[in-house]
Amino acid sequence: FLGAGLGLNFHAEYGSYSNSYDILVGIPLYLHARIYFTKTRCQPFFSLSTGAYFCSPCSYFINPMVGVNYRITSPVGMYLTVGYSGNTRRAYYSRNWNNSLEISLGCTFSSSDVKKVINEAKNLISQ
């Protein structure tokens, strides 16, 4: 799987000058690749995302992850991932590299399978 994405990201960062937490908003534009190791209902995978956050200040990021996608039904799945997240952060004319551990839980939907389910439901209703 290879794709591109645009998102919205909120995170809190402790400001050493303000002595408080600041809520930062970022808009990531990224490329995403995912390799599934099996075609079974429970699918382990490796994924890699890389791109840039468009915010103030702008930064670049890389996010390799390993995870498992479990298909609940044909069009719907749940996934759990663990990975590394690294990004640059420009602060006061210097650029720092920030590292973190990322854990994600989410849902996937297959658009072609969803269309099939909708068409089958329409056919059942019209009969």
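The values are calculated or read from the model by the stated rules, or taken from the named source; none is laboratory data. None of these values were measured; they are calculated from a predicted model. Because the Cβ atoms are built from the backbone with ideal geometry, glycine has one as well, and the counts that use them run over all protein chains shown. Calculation scope for accessible area: heavy atoms of the full protein, side chains included, ligands and nucleic acids excluded. Shrake-Rupley method; radii C 1.70, N 1.55, O 1.52, S 1.80 Å.
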Give all pairs with beta carbons closer than 9 Å in which a residue from the stretch 60-77 that is more than 9 Å from THR50 (Cβ to Cβ) meets a residue that is acidic (Asp, Glu); count only pairs at least 6 apart in sequence or on separate chains. MET65/GLU102; THR73/ASP113; SER74/ASP113; PRO75/ASP113; VAL76/ASP113
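For the stretch 1-17: of the residues being open to solvent by less than 100 Å² (accessible area, probe 1.4 Å) and among the aliphatic types (A, V, I, L, M), which is modelled with the highest pLDDT? Please lay out each step first, then the result.
Kept after step one, since they are open to solvent by less than 100 Å² (accessible area, probe 1.4 Å), are these residues of the stretch 1-17: 3-5, 7, 9, 11-13, 15-16.
Okay, now just the ones that are also among the aliphatic types (A, V, I, L, M), so 4, 12.
Details: ALA4: 89, ALA12: 70.
My answer is ALA4.
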Quick one: which strands (runs of 3 or more DSSP E) lie wholly within the stretch 18-127 and hold at least 1 residues that are of a type in the set (S, T, N, Q), surrounded by 11 or more Cβ atoms within 10 Å (Cβ to Cβ) and at pLDDT below 90? 59-71, 76-91, 94-109
